[in-house]
Amino acid sequence: MKTCMKSLFAYALVMIFTVTACAKDNNFSAGTIPDHPRILLLKAGENLVRKNIDSDISWKIINDMIINECNVITGKPPVERILIGRRLLDKSREALKRIFYLSYAYRITGNKTFLERAEKEMLAVAAFTDWNPSHFLDVAEMTMAVSIGYDWLYNNLSETSRTIIRDAIIEKGLKPSLDSKYNSWLKATHNWNQVCNAGMTYGALAIWEYDSVLASSIVERACESILLPMEDYKPDGAYPEGYGYWGYGTSFNVMFISAYEKAFGKKFETPATDAFLKTTSYMVNMTGPTGQCFNYSDNGSGAGLHPAMFWLASRLGDYSVLYEEMKFLGKMKSAGDRLLPAIIIWSSGIKTSQIGEPKTLMWTGNGKNPVALMRTSWSDPYAIFVGLKGGSPKVNHGHMDVGSFVMESEGIRWAMDFGAQDYNSLEQKGVNLWSMTQNSQRWEVFRYNNFVHNTLTVNGQLQRVDGKAEIISASDKKDFMNAVADLTTVYSDQLTSAKRGTAIVDNKYVIVRDEVKPLAGNTTVRWTMLTSAEAKITGASEIELTKNNKKLIIKVNLPGSVTMKTWSTDPPNDYDAPNPGTILVGFETVIQAGNTTPIEVFLIPGNVNPEGVAGKGELKYWPAGNK
């Protein structure tokens, strides 16, 4: 009871602080914010954008890509109301891209073709019967799209168009957000909160002078609600939902903050601001030398550009966190990200020549889903990269991947993760995908349980959804970067204790060391690693992987016997996605009752002599702290 009361009291203090800092300190009434355009880019900022484009070739390239894409858009029919399953989100995102791009292009070039097409797109979506409030992300992105266009083009729209578009923002965007049937996201701690509050805030700012009472209440509500997901960045900036959802939730959180600050002329500060800014380190470290991200949970391995990083880097005053972003920019052939114009707005004053390598080779972040990320080099495409994940399956979009890792060397991702399966493909088959209980059908989906992740399976059982693994020690020692996670509660009904450590030794090879103690009786432990390489069992304790003329040796060091194995990744259920070109490799071993048994695995790149590989002893002796 005391713990519960303390939690409620702490929550109340946070909420009181938020309302005071964000809402009550502002006079939310008509006339307190600029005239149109007032969202993200004020009228006076247009010349700064043009100057930015002229001062750095990178920003000019992005600008030209946006203009070229606008020319493509003008040859397409307007967005139509076509649902995919229960979602309109695909169309809302397309509308946001089109209207944001076209409105930007008109403001920068003055070309009326872009103005007219943006107006046509807004009128088309304004005519939809609704913006699909039952899946409110759809409403949020559509509201943001139309609000940017309405605000940025306000002085050039006909009165008739203004009325139609404004009424749509209010009736199809803002008012549904007041309905308890649709606004459960107000209490969420995940990306829905960030996206929906951002979209509603844009709508409120757009129609402020028409209904300042409604608009101010929406903004005040957002100021209070959005702190919930921002708290989840504590203490170090690790985003619980992973790479792709960082791109979604954080981007819209930044869109909210940037718009708020431009409209009200003051910083948006909360108790979570420091951790929120630290998330730049999480993001830059999440991409390996191959250009793929550490895609735990519901995330694909593809990595890409994130406009929000440019705002965050500017606020933080550290441009090295943009190191990977500049790589993505260099590979871009055409405009794609729907928030791309924001990069040019937020990069004012950033010279690409200022962006160098991050100073450290290892980063560890605690929180709901702790991660440790380490590499031997930022610039060497053949560098070793390892990511280790702790956390819990019950985190939003979580998998039973606790203790899982990815590993790269010589330009190959040897240890991989499937990531998510398309949600609609599962929902259409009637899969109860969004229940996170222990016996949920979610864990029957092939890609989601521990059997196909790079972790342990004990006696053929699932990990415990109510467990959580913490990273209990880490070191960035140059010749022995390592991190250790305590997995015990994730196997609470199977093991008395379980710890996993990963390390890069002498910049040459990787150790994955587990120390496990059975709960009772002899216990079968299965060690698996998912790979897209060709696999061949070459000895009693070795497997050789080959890909693209490169090689990796998996060598097991155990006091007892092991049975080396490979497993097919053919899906067992008709609703599972196919997994061509992949295989599970690893081994099984029987652990005797009563003892803590070490399970040590070496991942040895082909350019390293296996004879020179050695273990580093018990996990409790691995160095911790910065050395």
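The values are calculated or read from the model by the stated rules, or taken from the named source; none is laboratory data. Bear in mind the structure is a predicted one, so any value in this text is a computation, not a measurement. Note that we place each Cβ from the backbone using ideal geometry, even for glycine, and neighbour counts take in every protein chain shown. These area figures cover heavy atoms from the full protein model, side chains too; ligands, DNA and RNA do not enter into them. Shrake-Rupley method; radii C 1.70, N 1.55, O 1.52, S 1.80 Å.
As an exercise, find the ratio Rg/Rh for segment 383-449 from alpha-carbon atoms, using the Kirkwood inverse-distance average for Rh. Don't skip to the end; give the middle numbers.
On the way: Rg = 14.1 Å, Rh = 13.3 Å.
Looking at segment 383-449, the ratio lands at 1.06.
What translational diffusion coefficient, in µm²/s and rounded to a whole number, does the Stokes-Einstein relation yield for segment 456-507 at 10 °C and a viscosity of 1.306 mPa s, taking the hydrodynamic radius as the Kirkwood radius over Cα pairs?
132
Give the lysines whose C-alpha is closer than 16 Å to that of Lys333, dropping any in the same chain fewer than 8 places away, or say none.
Leaving aside lysines fewer than 8 places away in the same chain, those within reach of Lys333 are Lys60.
Considering every pair of different Cα atoms, what Kirkwood radius, in Å, is found for segment 131-290? Spell out each step's value before the answer.
On the way: mean 1/r = 0.0618 Å⁻¹.
It is 16.2 Å.
Excluding residues on the same chain fewer than 8 positions from Lys266, give the lysines whose Cα lies under 26 Å from its Cα.
Lys266 reaches Lys24, Lys43, Lys51, Lys187, Lys234, Lys278, Lys351.
Extent of segment 347-490 along each principal axis, from alpha carbon coordinates, in Å, largest to smallest?
52, 37, 29
Can you give me the Kirkwood hydrodynamic radius for segment 137-186, using every pair of distinct Cα atoms, in Å to one decimal? Could you put the intermediate results ahead of the total?
Numbers: mean 1/r = 0.0869 Å⁻¹.
Kirkwood hydrodynamic radius for segment 137-186: 11.5 Å.
Would you pull out the residues with amide H under 5 Å of Gln463's amide H, same chain only if 5 or more places away, H placed 1.01 Å from N?
Residues meeting the amide H criterion: Asn450.
Take the alpha carbon atoms of segment 529-568, find their radius of gyration, then divide it by 2.2 N^0.38 Å using N residues; give the quotient.
Numbers: Rg = 10.7 Å, N = 40, 2.2 N^0.38 = 8.9 Å.
Taking N as the residue count of segment 529-568, the ratio is 1.20.
With all protein chains present and a 1.4 Å probe, how do Lys555, Lys267, Lys278, Lys187 order by accessible area, largest first? Each step should come with its number before you reach the end.
Values: Lys555 55, Lys267 115, Lys278 95, Lys187 175 Å².
Putting Lys555, Lys267, Lys278, Lys187 in descending order of accessible area: Lys187, Lys267, Lys278, Lys555.
If the convex hull of the alpha-carbon atoms of segment 398-555 is projected onto planes in all directions, what is the mean projected area in square nanometres? If you can, show how the numbers build up before the last one.
Details: hull surface 44.0 nm².
Hull-based average projected area comes out at 11.0 nm².
If you project the alpha carbons of segment 533-627 onto their three principal axes, what span does each projection cover, largest first, in Å?
Extents along the principal axes: 46, 38, 33 Å.
Over segment 48-96, with a single point scatterer placed on each C-alpha, what log10 of the ratio I(q)/I(0) does the Debye formula yield at q = 0.15, 0.19, 0.26 1/Å?
Log10 of I(q)/I(0), two decimals: -0.59, -0.73, -0.92.
Taking a probe of 1.4 angstrom, what is the accessible area of Thr563 in Å², to the nearest 10?
Answer for Thr563: close to 80 Å² accessible.
Probe 1.4 Å, all protein chains in place: accessible area of Val213 in Å², nearest 10?
About 110 Å², ignoring ligands and nucleic acids.
With runs of 4+ DSSP H residues as the only contributors, calculate the mean residue ellipticity of the chain at 222 nm using -39,500 (n - 2.57) per run, divided by the residue total and rounded to the nearest 500.
Working: 16 runs with 207 residues, N = 627.
Helices in the chain give a 222 nm mean residue ellipticity of -10500 deg cm²/dmol.
Quick query: amide H of Ser497 versus all other amide H atoms, modeled in the peptide plane; which residues come in under 5 Å with a sequence gap of 5 or more or a different chain?
Amide H neighbours of Ser497: Lys517.
According to the Cα gyration tensor, what semi-axes, each the square root of 5 times an eigenvalue, does the equivalent ellipsoid of segment 205-362 have, listed from largest to smallest in whole Å? Each step should come with its number before you reach the end.
On the way: eigenvalues 154, 63, 47 Å².
Ellipsoid semi-axes (Å, largest first): 28, 18, 15.
Given that compact globular proteins tend to follow 2.2 N^0.38 Å, what is the ratio of the alpha-carbon Rg of segment 196-259 to that value?
On the way: Rg = 13.2 Å, N = 64, 2.2 N^0.38 = 10.7 Å.
Ratio of Rg to 2.2 N^0.38 Å for segment 196-259: 1.23.
Taking all protein chains as present, what is the carbon and sulfur share of the accessible area of the chain, in % to the nearest whole number, probe 1.4 Å? It would help to have the intermediate numbers written out before the result.
Details: 11790 of 23370 Å².
Of the solvent-accessible surface of the chain, carbon and sulfur hold 50 percent.
Got the relative contact order for the chain handy, in percent, Cα pairs under 8 Å and 6 or more residues apart? Intermediate values should be presented prior to the final figure.
Numbers: 1306 pairs, mean separation 63.0, N = 627.
That works out to 10 percent.
Quick one: if you stick a label point 7 Å off each Cα along the C-beta vector at Lys112 and Asn68, how many nm between them?
2.8
Using a 1.4 Å probe, how large is the accessible area of Leu157, given in Å² and rounded to the nearest 10?
For Leu157, solvent-accessible area is about 10 Å².
Roughly what percent of Cα-Cα pairs across segment 415-498 reach past 14 Å? Intermediate results must be reported in sequence, preceding the final value.
Values: 2475 of 3486 pairs.
Percentage above 14 Å: 71.
From the C-alpha gyration tensor of segment 27-120, pull out the three semi-axes of the equivalent ellipsoid (sqrt of 5λ each), sorted largest to smallest, in whole Å. List each step's numbers first, then the result.
On the way: eigenvalues 130, 90, 32 Å².
Rounded to whole Å, the semi-axes are 26, 21, 13.
Dimensions of the chain along principal axes (Cα, Å, largest first)?
80, 57, 48
Note down the nm distance, to one decimal, between modelled labels 7 Å out along Cα→Cβ at Ser348 and at Asn424.
Result for the modelled spin labels: 3.9 nm.
Which net charge results for the neighbourhood of Gly403, defined as the other residues with beta-carbon distances under 14 angstrom from its beta-carbon, given Lys and Arg at +1 and Asp and Glu at -1? Walk me through the numbers on the way to the answer.
Working: positive: Lys389, Arg464, Lys468, Lys499, Arg500, Arg513, Arg526; negative: Asp401, Asp417, Glu470, Asp486, Asp514, Glu515.
Taking every Cβ under 14 Å from that of Gly403, the sum is +1.
Any idea of the accessible area per residue across the chain, 1.4 Å probe, to the nearest Å²? Write out the running numbers ahead of the final one.
Numbers: 23370 Å² over 627 residues.
So the chain comes to 37 Å² accessible per residue, rounded to a whole number.
Go through Ile99, Ile67 and list them by solvent-accessible area, largest first, probe radius 1.4 Å. Write out the running numbers ahead of the final one.
Values: Ile99 0, Ile67 30 Å².
From most exposed to least exposed: Ile67, Ile99.
Sorted by accessible area (1.4 Å probe), largest first, how do His36, His399 line up?
Values: His36 25, His399 0 Å².
Ranked from most to least accessible, the order is His36, His399.
Step by step: find N for segment 32-188, compute 2.2 N^0.38 Å, then divide the Cα radius of gyration by it. What's the final number? Mind dumping the intermediate values first?
Values: Rg = 16.2 Å, N = 157, 2.2 N^0.38 = 15.0 Å.
In units of the globular-protein estimate, segment 32-188 measures up at 1.08.
Suppose the chain between Val590 and Asn155 were pulled fully straight at 0.36 nm per residue; how much longer would it get relative to their current alpha carbon spacing?
Contour length minus the Cα-Cα distance gives 149.2 nm.
Using amide H atoms built 1.01 Å from N in the peptide plane, name the residues 5+ places from Ala415, or on other chains, whose amide H lies under 5 Å from its own.
Sorted by chain and number, the residues that satisfy this are Met407.
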